[in-house]
Structures are given as structure tokens and as C-alpha cells.
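Working notes for the structure below.
The values are calculated or read from the model by the stated rules, or taken from the named source; none is laboratory data. Just so we're clear, the structure is a prediction, and the values are computed from it rather than from any experiment. All Cβ positions, glycine included, derive from the backbone under ideal geometry; neighbour counts span all protein chains shown.
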Amino acid sequence: MTKPALSKLQGAIATLRKVPPNMSAPAFDVIACGSLHLDIMVYAPSFPRPDETTVGTRWAMQCGGKGGNQAVMAARAGARVAMIGKVGSDDFGVRLRSNLADAAVDSRAVLVDETVGSGMSTAIVRDDGDYGAVIVSGANLRIEPTVAEAAWRDLGGAGVLILQNEIPEQVNLSVARAARANGAIVIMNAAPARSMSPALRECIDVLVVNRVEAEMLSGEVVHDDQVALTVIAKLCIGTKSVIVTLGGDGLIVKGADSEAVKIAPKRVKVVSSHGAGDCFCGALAAKLAQGASLIQAAEFANAEAARHVSGQGEFEES
């Protein structure tokens, strides 16, 4: 990392974390600690009702998992990225590690579990682009907190750590504490939504949720911008900054020491919304690592997510 780039990164960290910008250069721009799934994508006109068999139009295998997707997106956005995770000793695991390598994501900290299968999911994508999915976590639930924390140190750290909720909370907490000790920006994409301990909340610099996750964490149905602002006020407790993504209605960004800002949506024809949140979070992490402000990073991520749902930025199918 060049001195000007490092200076900008340290300035961004100082803005988000309020710590002196005197940290040594990390080995990576972004480290993603999280899930890896092999997704089976099924395309159909509608979701089946109970006891109904629906005729689909096509299917595809796709490397995914929120952690893997966000790592790949951050790398595509120009960041130097490493991944901490776990896969099984099966064909799915081989595909998942190969996909990271193809995206130039360092996967030395993606370990192989010999006793359980890789994580996987089945997603049904409707003609209108909406989708529903079922995940089987497999090896993702076997990540050990102490091993993940050691991996952060062994990798040499990063300017930004990005986490999600498809791995155990204790893993997230261990790595987040290590990242904070190194002055990294910690992004938590609270997806899928679940309660968070006060200890983990204290480690988070930027909380990213969609309207469903915001509702589950706050108890408020986010049906308009005003409710979103009320929800953000609740979610800011114990968190420095909050971003609520609203799909086709754009997003709202609330920085630690600034007023909430509404970012308008990019108008595109939606091919599939699958992976849009991961695309947003990976792009956000990459831009923050490059020294952008939170608003600048969110605007960039918003544009990348729009490209993704329009079919111009799909994750690679395998």
C-alpha cells in the first residue's frame, strides 16, 4: 500500500473509530470472515405452495455464501482480499476454494473439515427477480473462534473486516476484537437477522441491514423512510454507523457524527435480487478500505448492487 493510500485509509479509520491514525500498514485491504455455500439456483415462475410441484425453467450451480460473495465482490472492486472460513472435504469445497482463487481472494485461512460437508443452499428465483432460499450450514458452523482470531493475525490483518451472521456469533466476536485491536473498520452485515450480544455490538463500526433485518432487530416494520429513521435511531445504540438498504427504494446512511442521508435508488431492470446485499457489502468494504467516506462508499456500493441485480455483475456460476 502506498503512503498516500495508507494515509487515506488511516483517516477513514480515524473518522469511523475516533482513534489516532497511527496504525502500521495491514497486509490486506479487506478480510471477510464468514460463510461459504455452494448454491443450487432454480428458476421458476412462482414459489411452490405446500404439497405443490412447480415446473422450473432452468437451474445452475453458483458459488456463494455471504462471506464468500462479499469477499469476491470486494476483490472485484479492486481491494486486496483474504477470506477466513471453512469448507468440507467434498466437491463443493473444492469448487468454493477454486472460486475464491479465481477472484484473486487469498484463501489460505479457509480450512477443510474432514468430518462434515460444505455449506450449501437451494434458492428459487421467480420471474420477477424475487427469491427465497434454504441454507444448510455444514462446515461453516465448525469454524473455531480461537482459530479464526489466530488467522486474522497470521494473515497480517486488514484495513476493513467484514462479518455476517451465517457463522457462530462467538467467531464474529473473536475476530472483531482482534480487528479492533489493530484499528480496523469492522462492518457487520446482520444477515440473516439474529440478536447480537452487547459485546459484539461494541465492536461494530458499520452495521448494514435490509428492511427485513431492520424489522427483526428493532421490532418496527420499515414501510417508509420515516420509520427507517426511527429504526436507525434504535440500531445506533452500541453501533457507530448504520446503513439500512431498502431495495428499489434506495438506502439510508447514518454516520457516527452526522445526520442520516437518503441515497436514491439506481433505476434498472431487475433480473434477480439474489446476492444484491452481498454485492453492496463487498463493494462498501472495498471503498472504505480505499479511504472513501461512508457516504461515498455507500453511493459506490449502491451503484454496484444495481449493476448486479440487472444481471451485469453476477457472481460467477460454477
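Which fully enclosed helices (runs of 4 or more DSSP H) of segment 207-318 have 3 or more residues being surrounded by 20 or more Cβ atoms within 10 Å (Cβ to Cβ) and touching a residue at least 60 places away in the same chain (Cβ under 8 Å)? Can you show your working first?
Working: elements: 211-218, 225-235, 276-289, 294-309.
Because the criterion is at least 3 residues that are surrounded by 20 or more Cβ atoms within 10 Å (Cβ to Cβ) and touching a residue at least 60 places away in the same chain (Cβ under 8 Å), the helices (runs of 4 or more DSSP H) in segment 207-318 that meet it are 276-289, 294-309.
Taking the listed residues S107, S121, the one that is surrounded by fewer than 24 Cβ atoms within 10 Å (Cβ to Cβ), modelled with pLDDT under 95, of a type in the set (G, A, S) and assigned to a strand (DSSP E or B) is S121, with no other qualifying. The residues of segment 139-185 that are over 24 Å from V116 (Cβ atoms) and buried (at least 24 other Cβ atoms within 10 Å of the Cβ), listed by number, are A158, G159, V160, L161, I162, A176, A179, A184, I185. Answer yes or no: is there a residue in segment 137-155 that is in contact with a His (Cβ under 9 Å, 6 or more places away or on another chain) and farther than 12 Å from G34 by Cβ. Among the residues of segment 137-155, at least one is in contact with a His (Cβ under 9 Å, 6 or more places away or on another chain) and farther than 12 Å from G34 by Cβ, which makes the answer yes.
When the criteria are applied in full, D51 fails the requirement of being assigned to a loop (DSSP other than H, G, I, E, B) and in contact (Cβ under 8 Å) with a residue 24 or more places away in the chain. Among residues of segment 66-80 that are of a type in the set (S, T, N, Q) and buried (at least 24 other Cβ atoms within 10 Å of the Cβ), those with a Cβ under 8 angstrom from a residue that is outside any helix (DSSP H, G or I) and at pLDDT 95 or above, sequence gap 6+ or separate chain, pair up as Q70/A32; Q70/G34; Q70/I162; Q70/Q164; Q70/N189.
Number of residues in segment 113-139 that are of a type in the set (S, T, N, Q) and under 18 Å from the mean Cα position of the chain (by Cα): the value is 2.
Okay, residues lined up against (1) at positive phi; (2) of a type outside the set (G, A, S); (3) modelled with pLDDT of 95 or more:
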position: K18; (1), (2), (3): yes, yes, no
position: V42; (1), (2), (3): no, yes, no
position: P48; (1), (2), (3): no, yes, no
position: G64; (1), (2), (3): no, no, no
position: G68; (1), (2), (3): no, no, yes
position: A79; (1), (2), (3): no, no, yes
position: V87; (1), (2), (3): no, yes, yes
position: L96; (1), (2), (3): no, yes, yes
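When D205 is tested against (1) closer than 29 Å to N182 by Cα; (2) more than 19 Å from the chain's Cα centre (by Cα), just one condition goes unmet, and that condition is (2).
Taking the conditions exactly as written (in a strand (DSSP E or B) and either of a type outside the set (A, V, I, L, M) or out of contact with any Pro (no Cβ under 7 Å at 6 or more places or on another chain) (or both)), does S98 satisfy them or not?
No: the conditions fail for S98.
When segment 209-235 is filtered for residues that are closer than 22 Å to D257 by Cα and of a type in the set (D, E, K, R), the ones remaining, listed by number, are D225, K234.
On the basis of being within 18 Å of the chain's Cα centre (by Cα) and under 23 Å from Q290 (Cα atoms), does V110 make the cut? No; evaluated as a whole, the condition is false for this residue.
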